[in-house]
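Everything below concerns the one structure shown next.
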Amino acid sequence: MKKILTVALAVLMLSMTALSFTACGDKNVELVAVDAEDLLTEDFGIAVKKGNTALLEKINAVVDEWIEDGTMQKYIDYYDALAKNESPDAGDLKLTWDFGSATETITMYTESGFAPFEFIKDNNVVGVDVAIMSEVAQRDGKKLEVQDVAFDTITTSVKSAEGDAVGAAGITINDERKEEVDFSNIYYSSTLVIVSAKDKSIGKVADLSGLAVGVQEGTSGDLIISDAKKDAGYSYDDTDEQGNAVTRTVKVDGSTEVKQYKQYALALADLKAGRIDAILMDKLPAQAMLASSDNQ
């Protein structure tokens, strides 16, 4: 059973986000991001090379402190608004970090298409994960170097890196990844959503059966829908109405097409053009992506 982070994130967990845009010539298409009813919450952690307990403890110190005093939520709110092309007030949040004359480096591997955790603003990678690791580096007397790479290479990059290195990209903690890296304490719990045209409003992974589904390669959405196509389906631990532990299985027909993308923006372009039927992804990045698309 997954542990759910007890942070006040409820205000961000709206059941649906609807935004309109013009696509396919003059056809007006309204997209919605609907919570997937048949999946559990996914927990995010920062990946660290196995055995690097010193760095892991320093990351946990920042994560735990920011959750406890509300700073984490402030950063989530701030970068979520910024990613949606709004003009949020940073208040007392630190947005720049002075690494001074530090010569030692912490390398952060990320993929910058996952707002509000990491995204490009004014030619720089910014976001919640960058803030966390910038604070860790500064407190440790080091500087942070951000490497923007393909998502599915992040844990491998951390595993093989020399020196202090982390993977920070809204990475879901799961058993497969734990075999390659260690994870920090949970700093955010995310709901997976299905982005589709409003007239479809797909709310279950099972309802994606027979459709063309876009995912970012190597993400939870990719792993889940790919497993759901197999004979055994995708299984997860849950509780029933009486609080008893149960195992649930999600399956889709083998004709379901899973299209993998390096970036969600490419999946969105295909969804707009009608080349795929839906995108399976995390909620806040979906909301930011649609809001940004709507404002362009």
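Every read-out reported here was derived from the displayed coordinates using simple, explicitly stated rules and does not represent laboratory data. On a predicted model such as this, the values are computed, not experimentally measured, just so you know. Glycine gets a Cβ as well: all are built from the backbone with ideal geometry, and neighbour counts include every protein chain shown.
Observations on the model:
- Beta bridges per DSSP with both ends in the chain, % antiparallel, nearest 5: 70
- Residue-span extension gain [D152 to T103] - 0.36 nm each, minus C-alpha spacing: 14.7 nm
- Pairs of alpha carbons in the range 79-151 whose separation is greater than 16 Å (percent): 49
- Note on K74: aspartates and glutamates with a C-alpha under 17 Å away, same-chain residues under 8 apart excluded, are D64, E65, E86, D89, D92, E118, D129, E135.
- Among T249, T191, a tally of other beta-carbon atoms within 10 Å of each Cβ gives an order, fewest to most, of T249, T191.
- When the pairs K121/K259; K49/K259; K49/K94; K94/K142 are compared against a 19 Å limit on Cα-Cα distance, K121/K259; K49/K259; K49/K94 fall above it.
- The range 111-197: C-alpha gyration tensor shape, a/c 1.5 cut-off, then a/b vs b/c: oblate
- Ordering of 53-62, 207-216 by burial proxy (mean other Cβ atoms within 10 Å per residue, highest first): 207-216, 53-62
- Whole-Å distance, taken between Cα centres, linking the range 80-94 and the range 202-279: 32
- Global geometry of the range 43-189, whether rounded, prolate or oblate, following the gyration tensor of its Cα atoms and the 1.5 cut on a/c: rounded
- Whole-Hz ³J(HN,Hα) from phi, Karplus 6.51 cos²θ - 1.76 cosθ + 1.60, for the range 52-64, glycine and proline x: 7, 5, 4, 5, 4, 5, 5, 5, 4, 4, 5, 4, 5
- Cα-centre dipole for the chain with unit charges at Cβ (Lys and Arg positive, Asp and Glu negative), debye to 20: 480
- The radius of gyration of the Cα set in the chain, together with its Dmax, comes out at 19.0, 58 angstrom.
- Debye equation applied to the C-alpha atoms of the range 125-254, log10 I(q)/I(0) at 0.14, 0.15 Å⁻¹: -0.82, -0.91
- Mean residue ellipticity at 222 nm, helices only, the chain: -8500 deg cm²/dmol; runs of at least 4 DSSP H residues each add -39,500 (n - 2.57), and the sum is divided by the number of residues.
- Linear extension gain, S226 paired with N85, 0.36 nm per residue minus alpha-carbon span: 47.4 nm
- Residue pairs, from the table K159/K251; K50/K143; K200/K262; K84/K262, whose Cα atoms sit over 29 Å apart: K159/K251
- Cα-based helix-to-principal-axis angle, 264-273 vs the chain, degrees rounded to 10: 20
- Under Karplus coefficients 6.51, -1.76 and 1.60, residue-wise ³J(HN,Hα) of the range 218-234 in Hz, glycine/proline x: x, 7, 4, x, 4, 5, 5, 5, 5, 5, 5, 6, 6, 4, 7, x, 9
- Prolate/oblate/rounded call for the range 48-87, Cα gyration tensor, a/c under 1.5 rounded: oblate
- Kirkwood's formula applied to the C-alpha pairs of the range 189-296 gives a hydrodynamic radius of 14.5 angstrom.
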